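The values are calculated or read from the model by the stated rules, or taken from the named source; none is laboratory data. Note that this is a predicted model, so its numbers are computed, not measured. Reconstructed Cβ throughout: ideal geometry from the backbone, glycine too, with neighbour counts over all protein chains shown. Side chains are part of the model used for accessible areas, which takes the heavy atoms of the whole protein and leaves out ligands, DNA and RNA. Shrake-Rupley method; radii C 1.70, N 1.55, O 1.52, S 1.80 Å.
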Amino acid sequence: MVIKFLRSGNKEVTQSGRTEALEDILTANIKYRLVTKKTRLQDPQFYISVSDVKETIPGLNQTLFSDNQAISQELHPLPIDYTDETNGRINFFIKPCYLCNIILKKVLSEGDTYGYHGIIKDKQTILVEYSSPNIAKPFHAGHLRSAIIGNFISNLYEAVGHKVIRINYLGDWGTQYGLLAQGFNKYGNKEDLNKDPMKHLYMVYVKINEDVSKEQQNSGPDKHEKGETHRKSLEIFRNMEQGTASEDLQLWKHFRDISIEKYREVYERLNIKFTDYEGESMYSKKSLELIEELKQRDLLHIDDTTGKGYIDIEDEKDNIKAVVQKSDGSTLYLTRDIAAVLDRHKRYNFDRTHYVVEDGQDLHFKMLKGILQKLSVPWIQRYGDQIHIRFGRISNLSTRKGKAVFLDDILNEAKERIIKTIHSKQTSKEVDSTETVADILGVSSIIVQDLKEKRLNTYKFSWDKVLSFKGDSGIVLQYAHARLCSLIDQCGCDIHSIDFDTKYLTEPEAIQLILHIASYEDTVDKCLTSLEACHLVHYLFSLSKFISVAHRNLKVKDQPKEIAQARLQVFKCAKTTLANGMTLLGITPLDKM
Ligand code: ARG
């Protein structure tokens with residue numbers, strides 16, 4: 001058995017422990033070189049540092065463990081090479097009942113904050129931008145993945161004590177809105193728009209784009225001419241940007257408002273919230289001002305052949321021309337991103353910022369970073385490497401309704417499939433098939449399926465895998481949680497009593513589970529340094545396995561009072577830890593299913 005329950009700053013502390021003479025002794029091997037900090041489990045008694053170890057070996061027990069009775073007085077007589085920092089180990093015994101007592105008390109007293117105390121040294125303000133779909137275009141898998149990952153990262157930061165600003169940055173600006181305005185006049189109507197804004201705008205967008213293609217097809221032999229509709233869209237957008245197309249702007253604003261309203265609803269189903277919705281449009285004017293500033297600072301060059309404005313930036317290998325101005329003077333996606341980040345810094349004074357965006361936009365964020373370096377923005381020096389939180393593509397995500405995905409179709413499909421599975425399975429009779437439960441199960445499954453992968457992995461979406469009642473899935477976590485709730489409910493003990501004695505926890509199944517609970521902090525810490533949720537997801541899968549073993553072997557009902565009370569606490573702590581982890585992932589733990 002390998003356990004880890006110590007942590008030490010950013011360094012990984014590897015500690016392996018074996019239960020020897022399983023009943024009452026746990027032997028832990030600590031690579032002493034790495035254990036330079038006190039552990040939060042034992043507090044000062046466990047304080048070990050390299051120099052301590054070297055100097056105090058003869059009286060090891062006293063110095064290291066002071067008057068801590070939990071540590072067996074007979075320390076292993078060890079042939080340690082004290083000078084060898086790599087392989088040096090100190091073995092000591094610790095009575096599991098003492099360790100278990102510390103862990104359980106800690107979890108019981110910290111409750112929904114268990115796992116998050118003392119992890120960070122200084123509290124920061126962190127701006128996380130995620131999801132960021134485009135109005136009138138389909139919400140693709142990348143927007144979903146970004147929403148799930150960004151929400152997790154934000155939850156994690158908040159849990160450990162940072163202040164988080166959560167931004168959804170809508171694609172609501174650009175020539176395509178000149179097209180949409182024309183399209184709506186030709187193909188749209190207010191009634192359908194109000195009924196389902198996303199789909200209606202998308203339909204309009206598709207139709208008007210078809211017109212553009214047709215005009216291009218008919219444009220003569222070389223077929224390069226884009227035609228009247230396209231030309232007009234450029235003009236409309238230019239006027240929108242200059243603030244002179246008031247009718248188009250009004251219409252555009254209506255599209256935007258109504259889409260945000262709808263988005264809010266759907267994100268709510270996913271347990272995802274934002275501090276604010278921004279849009280590229282907010283930074284149109286500021287982008288024009290930025291261009292002026294770039295000119296004044298002599299950073300803007302104009303390309304002789306294309307007439308486009310660019311900034312020269314140096315990457316590790318290449319020189320990149322980052323284009324920030326079109327030949328007609330209007331701004332681009334990149335320009336708006338620079339203006340946005342500068343403005344956000346003024347408003348929120350963040351210490352760092354993350355953009356949770358598909359790996360495919362790597363070059364875009366490299367350019368953004370390069371430009372910020374050119375502008376000598378101070379915070380970029382410290383946190384530049386973590387600006388773009390990249391992730392791989394999900395392929396194959398489609399619903400019965402078709403390839404173009406809409407977020408609510410995905411969630412509805414998950415819900416419907418769950419209800420169907422529940423009805424078709426006799427074994428799942430006890431599963432509640434109400435809409436709310438099915439909806440939460442569907443969402444949990446989608447979230448877990450996504451977060452169990454390393455961010456940069458690409459994966460093929462499969463409904464069967466996502467909604468599996470067996471194997472590692474969101475449903476399995478929910479099941480473990482609901483089962484704990486019902487055990488606690490029906491255990492026949494006083495569930496509020498915290499009067500218990502861990503000497504009654506003698507079974508290895510109990511100790512294993514408790515040690516796993518103790519390593520939750522480590523897992524949180526790992527997620528925090530890597531910004532990878534998969535560590536937590538896999539931790540929770542293991543936790544649910546330990547819980548299920550404990551269910552089989554540690555009965556609570558009809559047991560002698562002392563034993564029942566002690567076991568009950570273990571289950572309560574397991575439930576707290578599981579719920580805390582699920583909540584970080586963005587899942588609402590179910591009490592019943
Ligand atoms: N709306 C963009 C898209 O769908 C993503 C925006 C990412 N964020 C940013 N600040 N550039 O591709």
Exercise. In nanometres, what is the gap between the two model label sites at Asn194 and Lys163, each 7 Å from Cα along Cα-to-Cβ?
Worked result: 4.1 nm
For this session: Report, to the nearest whole %, how much of the accessible area of the range 475-593 belongs to carbon and sulfur atoms, 1.4 Å probe, protein only.
Result: 50 percent
Problem set entry | Dipole in debye (nearest 20) - the range 230-384, about Cα centre, beta carbon charges: Lys, Arg +1; Asp, Glu -1 | 300 debye
Exercise. What does the accessible area per residue of the range 166-224 come to in Å², with a 1.4 Å probe and no ligands, DNA or RNA counted?
Worked result: 48 Å²
For this session: Please report Rg over Rh for the range 224-372, where both radii come from the alpha carbon positions and Rh follows the Kirkwood definition.
Result: 0.99
Exercise. Do any of Lys137/Lys190; Lys137/Lys286; Lys454/Lys526; Lys199/Lys253; Lys137/Lys207 go past 20 Å between their Cα atoms, and which?
Worked result: Lys137/Lys286
Problem set entry | For the range 164-293: rounded, prolate or oblate by the Cα gyration tensor [a/c cutoff 1.5] | oblate
Problem set entry | Globularity ratio of the range 491-593, using Cα Rg and 2.2 N^0.38 Å | 1.14
Seminar exercise, completed: When the charge dipole of the range 433-566 is computed with +1 at the Cβ of Lys and Arg and -1 at the Cβ of Asp and Glu, the Cα pointing farthest to the positive end, of Asn553, Ser445, Thr458, is that of Thr458
For this session: Tell me the label-point distance for the pair Tyr333, Asp359, using the 7 Å Cα-to-Cβ offset, in nm and rounded to one decimal.
Result: 1.8 nm
Exercise. Based on Cα positions only, what radius of gyration and what Dmax would you give for the range 539-593, in angstroms?
Worked result: 12.5, 39
Exercise. How many percent of all Cα-Cα pairs in the range 510-567 sit more than 17 Å apart?
Worked result: 48 percent
Exercise. With N residues in the range 418-544, what two-decimal value do you get for its Cα radius of gyration over 2.2 N^0.38 Å?
Worked result: 1.25
Exercise. Can you give the Kirkwood hydrodynamic radius of the range 204-273 from its Cα pairs, in Å with one decimal?
Worked result: 14.6 Å
Problem set entry | Cα-based equivalent ellipsoid, the range 149-221: semi-axes from gyration tensor eigenvalues, Å | 39, 17, 9
Problem set entry | Anchor Lys186: aspartates and glutamates whose Cα lies under 12 Å away (excluding residues fewer than 8 positions away in-chain) | Asp211
